[in-house]
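First comes the structure, then the notes that go with it.
The values are calculated or read from the model by the stated rules, or taken from the named source; none is laboratory data. The structure presented is a predicted model; accordingly, all values stated were derived computationally and were not measured. Glycine gets a Cβ as well: all are built from the backbone with ideal geometry, and neighbour counts include every protein chain shown. Calculation scope for accessible area: heavy atoms of the full protein, side chains included, ligands and nucleic acids excluded. Shrake-Rupley method; radii C 1.70, N 1.55, O 1.52, S 1.80 Å.
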Amino acid sequence: MQSLDAFASEKLQALDSTDLRRRLATSARHDAAWIERGGRRLLSFSCNDYLNLSQHPSVRAAAAAAIAAYGTGSGGSRLVTGNHPLYAELEARLARLKGTEAACVFGSGYLANTGVIPALVGAGDLILVDELVHACIWAGARLSGAAIRNFRHNDAGAAAAILAERQHYRHALIVTEGVFSMDGDVAPLGALAELARRSDAWLMSDDAHGVGVFGQGRGSCAALGLGAADIPLQMGTLSKALGSYGGYLCASRAVIDLLHSRARTLIYSTGLPPASIAAAIAALDIVAAEPALTERPLAKARRFTALAGLGEAQSPIVPIVIGSASAALAASLLLEEEGFLVTAIRPPTVADGTARLRLAFCAQHPDSEIERLAGIVAARLRR
């Protein structure tokens, strides 16, 4: 135990010396966009609840009703005892949303990506990943045992050059994000889909930050006029714009049926609590009924970038690159003193020298506060 504690203490000291140590901060969300932390009420620009549906009365009521009907937990993995009746409705709704034959819900977005990728490719195959994809995509790729090559961010030509050399690989999988979580930019899905068609490769898009806020809620694929024939593997989460918890893959019936027998993170994980599934179904109802709601986060982000003198936002995510981790922490503290929660994003989440503030805009951010924040950023934080 002494050597273990000494190891941990040494590592913590190293993190402290470079301003890279993480600490959990107790935070209570009681309404749509505000958060209570350290005895203060702050307007949060660090939350991915883009439509504020986690606080919507209908979503909360659906979750409560599911607890009353089914209890608080699923009791086991989906293949044993945890596949309660709400799953079928949710997966059918997700498949309709994405225009696919079927869907499979996982315990989280991380579990989805680390389960799907190794279930579909392995030794003798090739995975091409955009260099800025989420950590769980990298984890899934490494678990697969396939050869992994990364291509320059959002550069379909670079991916094509790699695929041109793939002759000795059995299958090739291209993986990208619809909307990149730390940069807020949108992938060239059309170009990647065309590349996949030409090369007989499979294209997978992680649309965790696109569902609910693009294409009248259907995601970045729909916003670009693309469908299941273009992007056969469409992954997403229930935990962001849909205000619940969980992850999913929408694909053909054959692919989904294969996942039931091959995806280890599905087979060996406890099923979602009934409340989480019911909440997601209720959120999908709202997205379908209120298309104007899905447009607000991007509109508010673009209002902010115009007022702050920044390049026009491509999504509800707006990064302000600061540079060093210490400078990013100082900028975050400055905004907190002004009543805003904007968390500093530091390495290894982003590359060295690109620590940043990541602003996420939601439907219920007050315009007056967006204007005030933009004024502070323009006057005190722009490089």
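Residue check: Ala25 meets all listed conditions (1) surrounded by 11 or more Cβ atoms within 10 Å (Cβ to Cβ); (2) at pLDDT below 90 but one, namely (1). Of Ala299, Ala282, all but one fail to be modelled with pLDDT of 95 or more and closer than 14 Å to His365 by Cβ; the exception is Ala299. Which members of the range 57-95 meet the condition of being charged (D, E, K, R), open to solvent by less than 60 Å² (accessible area, probe 1.4 Å) and not in a loop (DSSP other than H, G, I, E, B)? The answer is Glu91, Arg93. Restricting Arg60, Arg21, Arg29, Arg37 to those that are charged (D, E, K, R) and in contact with a helix residue (DSSP H, G or I) (Cβ under 6 Å, 6 or more places away or on another chain) reduces the list to Arg21. Determine whether Arg198 is under 13 Å from Leu97 (Cβ atoms) and charged (D, E, K, R). Taking the combined requirement at face value, the residue does not satisfy it. If the condition is being in contact (Cβ under 8 Å) with a residue 24 or more places away in the chain and open to solvent by 40 Å² or more (accessible area, probe 1.4 Å), then the range 96-106 contributes Gly99, Glu101.
Answer yes if at least one residue in the range 339-354 is part of a helix (DSSP H, G or I) and within 30 Å of Ser108 (Cα to Cα), and no otherwise. No, the conditions are met nowhere in the range 339-354. Scanning the range 308-338 for residues that are open to solvent by 50 Å² or more (accessible area, probe 1.4 Å) and not in a loop (DSSP other than H, G, I, E, B), we see that the one that is farthest from Ser46 (Cα to Cα) is Ser326.
Which of the residues spanning the range 28-43 are closer than 18 Å to Arg296 by Cβ and open to solvent by 50 Å² or more (accessible area, probe 1.4 Å)? Of everything in the range 28-43, those that are closer than 18 Å to Arg296 by Cβ and open to solvent by 50 Å² or more (accessible area, probe 1.4 Å) turn out to be Asp31, Trp34. Among the helices (runs of 4 or more DSSP H) confined to the range 250-307, the ones with at least 2 residues that are surrounded by fewer than 16 Cβ atoms within 10 Å (Cβ to Cβ) are located at 253-262, 274-289. Taken across the range 159-169, residues that are among the β-branched types (Val, Ile, Thr), under 30 Å from Ile322 (Cβ atoms) and open to solvent by 10 Å² or more (accessible area, probe 1.4 Å) do not occur at all. The residues of the range 122-158 that are under 19 Å from Gln234 (Cα atoms), in contact with a helix residue (DSSP H, G or I) (Cβ under 6 Å, 6 or more places away or on another chain) and surrounded by fewer than 17 Cβ atoms within 10 Å (Cβ to Cβ) amount to a single one, Ala139. Which residues, counting only those in the range 355-383, are loosely packed, with under 14 Cβ neighbours inside 10 Å, at pLDDT 95 or above and assigned to a loop (DSSP other than H, G, I, E, B)? Hit for the range 355-383 is Pro366, nothing else.
The set of residues in the range 194-231 that are open to solvent by less than 30 Å² (accessible area, probe 1.4 Å) and within 16 Å of Ala158 (Cβ to Cβ) comprises Leu195, Ala196, Ala201, Leu203. For the residues Ser46, Ser9, the requirement of being in contact (Cβ under 8 Å) with a residue 12 or more places away in the chain and either open to solvent by 50 Å² or more (accessible area, probe 1.4 Å) or in a loop (DSSP other than H, G, I, E, B) (or both) singles out Ser46.
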